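Below is one structure, written out as structure tokens, with a few remarks after it.
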Amino acid sequence: MPEVKLSRATLPLVSKSVQTPAYAPTSQQPGVVHLGLGAFHRAHQAMVFDQLLREGDMRWGIHGVGMTQPGLVNKLRAQDGLYAVRVAGATGIEWNVPGALWQTSVATTERQNVLSAIAAPSTRWITLTVTEKGYTSALAQLLIDGLRLRHTAGLTGLTIASCDNLQGNGHKLKAIIHAASTTQDAELVKWIEAHCAFPCSMVDRIVPAATDEVAAAAKEALGMQDECALSTETFWEWVIEDNFVDPSDAALLSKCGVRVTSQVHSYEEAKLRMLNGSHSAMALMGAVTGRAHIADCIGAHHIREFVYRLMTREVAPHLSRTDWAEYRDALIQRFGNPFLKHSVHQIATDSSQKIPQRWPPSVLGQIGKGESFEHHALAAAVFLRYTLGVDEKGQAYALNDPQAESLKAIGAAQVATPAACVQALLSREDLWGSELPQSNEWLERVTYWHHQVLHLGVDGTLQFFLTLDA
């Protein structure tokens with residue numbers, strides 16, 4: 001007998017211990033087009049929109065767009081857009097099946113479907129999680145072409161909300177649309193300016209990539225097969241600028257636990273530098289030492305203490321978020337969640353795109369105050385060691401990064417000519433901005449810690465570091 005698989009038809013058979021949607025997609029089209037149909041969106045914004053749908057507001061169904069890969073879209077289509085989410089925290093585990101994903105497309109092979117969704121009269125919002133490297137002219141052109149159809153049809157403008165880890169993400173999204181527009185688009189650009197809103201936002205929830213372990217746990221919890229199951233934590237945060245085409249959306253989102261504010265910057269800088277900055281440092285340390293997951297890293301006393309001090313001494317002094325100490329303590333606890341098998345290599349992916357936003361602002365802040373930046377210097381030294389592509393146990397790993405070739409070219413000679421390699425890495429303005437490469441003190445300290453990493457190993461260096469930094 002064939003195995004029962006999660007779908008709209010089998011939803012009534014799902015175990016009663018699992019929270020399932022009582023609503024079904026309506027005959028109307030979805031109200032949200034989401035670009036970047038990865039794990040994060042499905043365990044974050046999609047669950048917020050699911051709350052609104054559960055309360056009877058049927059304007060929040062999602063047309064989810066996979067940007068390049070059809071694999072996930074095909075699996076979700078086979079399950080009518082349904083998937084299970086394991087929400088695990090200190091108080092236990094809950095399973096939830098969100099029902100907000102009503103339609104799906106792949107941008108590279110079904111572009112017209114995506115444009116038609118953007119231009120649909122029912123569409124009110126576009127949301128994006130395309131990662132830091134996804135803000136390209138191709139993305140801008142997709143949005144321009146979809147918005148042109150709306151403009152031509154005389155339809156209303158849209159709230160277009162970036163949910164990626166970019167400071168001022170709404171401004172950046174608007175800027176790439178302006179940059180990609182042509183003289184023929186002048187009237188369209190005026191219409192976008194007048195009728196569309198680009199709120200900045202900050203989103204926070206740890207959502208590891210799907211694993212076989214989660215799939216097996218989902219099968220046991222649901223009583224059927226689910227090829228799209230995810231695991232996440234209880235904590236979530238969505239901070240969004242009070243800038244919407246329909247101002248009444250602010251109250252709706254607030255009721256669901258979203259923080260609507262004019263001060264998004266305070267939250268996004270804290271997340272980028274505390275959570276994401278610490279994540280990058282731990283991921284690189286884990287990759288080099290052969291630890292598989294973030295929980296394995298934070299579970300080691302010397303790494304946990306390093307991360308705690310990094311956030312407290314070098315990041316927090318430059319934040320405007322006032323509750324940073326509580327946020328720091330929550331992060332340390334979240335990093336240790338045993339249910340979040342968050343791969344260090346997943347987090348280390350695209351490090352060349354992530355580090356420029358996560359580390360340099362804190363380093364420059366410390367330099368400006370004449371204070372120590374040793375934690376970041378050590379993290380930068382580990383980043384260089386990571387570019388060797390082999391861990392301390394001799395196991396090779398791939399550098400999954402747009403700059404992989406140039407990083408490996410720098411890193412390959414670091415054992416023979418370490419000082420020259422540090423100089424080559426730190427001179428790159430695409431990684432460190434224009435100011436840090438001019439700092440001899442930064443170069444000197446990273447060089448020093450890189451020497452220690454090569455001779456003592458990462459764990460030995462961290463333990464030595466902590467004795468100096470007590």
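Structure above, values below:
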item: Output for the range 184-216, where each listed residue is under 26 Å from V258 (Cβ atoms), touching a residue at least 40 places away in the same chain (Cβ under 8 Å) and not aliphatic (A, V, I, L, M); result: H195, C196, F198, P199, C200, S201, D204, R205, P208
item: Residue count, the range 277-292 (criterion: touching a Ser or Thr at 6+ places or on another chain (Cβ under 8 Å) and free of Cβ contacts under 8 Å to residues at least 60 places away in the same chain); result: 1
item: Selection from the range 73-108 of residues that are surrounded by 16 or more Cβ atoms within 10 Å (Cβ to Cβ) and polar (S, T, N, Q); result: Q79, N96, Q103, T104, S105
item: Residue match in the range 344-358 (condition: hydrophobic (A, V, I, L, M, F, W, C), out of contact with any Lys or Arg (no Cβ under 7 Å at 6 or more places or on another chain) and either over 28 Å from A270 (Cα atoms) or not in a helix (DSSP H, G or I) (or both)); result: no
item: Elements of type strands (runs of 3 or more DSSP E) in the range 56-162, at least 1 residues being at pLDDT 95 or above, assigned by TED's automatic domain parsing to the domain that holds A217 and closer than 30 Å to A216 by Cβ; result: 62-66, 85-89, 92-96, 101-106
item: Every pair of residues 6+ apart whose Cβ atoms lie under 8 Å, when the first sits in the range 67-86 and is closer than 22 Å to I206 by Cβ while the second is surrounded by 16 or more Cβ atoms within 10 Å (Cβ to Cβ) and hydroxyl-bearing (S, T, Y); result: L76/Y83; L76/T104; V85/S231; V85/T232; R86/S231; R86/T232
item: Top-ranked residue in the range 41-72 [being within 15 Å of Q103 (Cβ to Cβ) and either surrounded by fewer than 21 Cβ atoms within 10 Å (Cβ to Cβ) or among the basic types (K, R) (or both); ranked as farthest from the chain's Cα centre (by Cα)]; result: M58
item: Total residues in the range 145-160, condition of a type in the set (A, V, I, L, M), surrounded by fewer than 22 Cβ atoms within 10 Å (Cβ to Cβ) and under 18 Å from S181 (Cα atoms); result: 1
item: Filter pass, S362 being among the hydroxyl-bearing types (S, T, Y), assigned to a helix (DSSP H, G or I) and either surrounded by 17 or more Cβ atoms within 10 Å (Cβ to Cβ) or not assigned by TED's automatic domain parsing to the domain that holds V344 (or both); result: yes
item: Condition check for E233: surrounded by fewer than 17 Cβ atoms within 10 Å (Cβ to Cβ) and acidic (D, E); result: no
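The values are calculated or read from the model by the stated rules, or taken from the named source; none is laboratory data. Remember, predicted model here, so these are calculated numbers, not experimental data. Positions of Cβ are generated from backbone atoms using ideal geometry, with glycine treated the same way; all protein chains shown enter the neighbour counts.
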